Amino acid sequence: MTFNSMPKVELHLHLEGAAPPAFIAGLAREKSIDISEIFDENGGYAYRDFEHFLRVYEAACTTLTGPEEFYRLTKAVLEESASHGVVYSETFLSPDFCGGGDLSAWRDYLAAMEMAADEAERDMGITLRGIITCIRHFGPEQAKTAAKCAAETKGRFITGFGMAGAEMVGRPGDYAYSFDMAREAGLQLTCHAGEWGGPDMVADTIRDLRVERIGHGINAIKDPALVDQMAQTGVVLEVCPGSNVFLKASGGWADHPIKPLRDAGVKVTVSTDDPPFFHTTMTDEFVNLAKTFGWDDSDLRALNETALAAAFCDEDTRAKIAKKLEAT
Ligand code: ADE
Ligand code: ZN
């Protein structure tokens, strides 16, 4: 079995952030939207740092003008993921980029994405679930709008609620109302924390938003007591090493916190975050983990098993995916 063909479970993928730059450039041409400044001379995304990345990301989203564009995007992203052996994926979806938070518009966008996901499952054997995601720097009021969309459209496809965006804006507790609303609707919860913020941000997110998973969480490593607590309680980290290295949220691969976190008993999983932005794929992530830390087949399988156990899906789906992992 090659690194590429090994089946994989990915829990942390931003749908818009997974858009190939050529796909976005093509839409921009179709719609005569001038966003040439977001591309470099090779046609890749061009940005200087994390703040600028968020602005380029939002500029790319201006080409995704309706449900049809999100249908095409979902298809393109799933095709790419499936080509790297991904059999189960969870993607962050933002009502803010799909009709600006209007519930009726959101339902139309969602129907298009769900149709694409069903077709991809039938044709490519990849299963997708959606985590509705508020954007932190859009503020707590806008987050409530996203949470309402989440609560109203929870179902087989929409299974989670989360938060992305600029981590240093406000404190986690500012968003507790939205996370409470999502939890009460029966959604499972995750939140970006400890990518840029310190261990205090991870601790406050766990305490105030009562999430079961954390996006990134790597800076927890700076507080051994917090690491112990996380190992005890079983909170799951959606670690994205390639993203962290590319954005310089951590040092290089050799001193990435995924290894000491795992060694301390914290449940870690591996994802790509926004693969074309960070020039990574799930195959690359597995290859780099094997190369850097000597992780073998059984280590990589354990990552998949931890991810599947923490997946926001129903038990029938989990059992179906487990069979795919076991078959290899
Ligand atoms: N949105 C897309 N990618 C993100 C990241 N790595 N951190 C926070 N928000 C994001
Ligand atoms: Zn992310």
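Descriptive notes on the structure:
- Screening Gly43 on (1) in a loop (DSSP other than H, G, I, E, B); (2) among the small types (Gly, Ala, Ser); (3) within 16 Å of ligand 2 (Cβ to nearest atom) shows it passes everything except condition (3).
- Checked against (1) in contact (Cβ under 8 Å) with a residue 24 or more places away in the chain; (2) closer than 24 Å to Thr281 by Cα, Gly26 passes all but condition (1).
- The combined condition, being under 19 Å from the mean Cα position of the chain (by Cα), more than 19 Å from Cys61 (Cα to Cα) and either part of a loop (DSSP other than H, G, I, E, B) or away from ligand 1 (no atom under 16 Å from the Cβ) (or both), is fulfilled by Met168.
- Test: Asp296 is surrounded by fewer than 13 Cβ atoms within 10 Å (Cβ to Cβ) and under 16 Å from Ser89 (Cβ atoms): no
- For the stretch 72-83, a tally of residues being surrounded by fewer than 21 Cβ atoms within 10 Å (Cβ to Cβ) and either within 20 Å of Lys154 (Cβ to Cβ) or touching a Pro at 6+ places or on another chain (Cβ under 9 Å) (or both) returns 2.
- Top-ranked residue of the stretch 81-114 - restricted to ones that are free of Cβ contacts under 8 Å to residues at least 40 places away in the same chain and not in a loop (DSSP other than H, G, I, E, B), ranked as nearest to ligand 1 (Cβ to nearest atom): Ala105
- Flag for Glu285 being buried (at least 19 other Cβ atoms within 10 Å of the Cβ) and either within 18 Å of Glu212 (Cα to Cα) or charged (D, E, K, R) (or both): yes
- Test: residue in the stretch 51-64 that is at pLDDT 95 or above and more than 30 Å from Ala151 (Cα to Cα): yes
- From the list His14, His52, the lone residue that is within 29 Å of Ser298 (Cα to Cα) and either among the polar types (S, T, N, Q) or within 16 Å of ligand 1 (Cβ to nearest atom) (or both) is His14.
- Residue tally, condition surrounded by 18 or more Cβ atoms within 10 Å (Cβ to Cβ), away from ligand 1 (no atom under 15 Å from the Cβ) and part of a helix (DSSP H, G or I), over the stretch 143-161: 7
- Residues that are within 16 Å of ligand 2 (Cβ to nearest atom) and in a helix (DSSP H, G or I) within the stretch 1-40 comprise Glu16, Gly17, Ala18, listed in sequence order.
The values are calculated or read from the model by the stated rules, or taken from the named source; none is laboratory data. Bear in mind the structure is a predicted one, so any value in this text is a computation, not a measurement. Cβ: placed from backbone, ideal geometry, glycine included. Neighbour counts: every protein chain shown.
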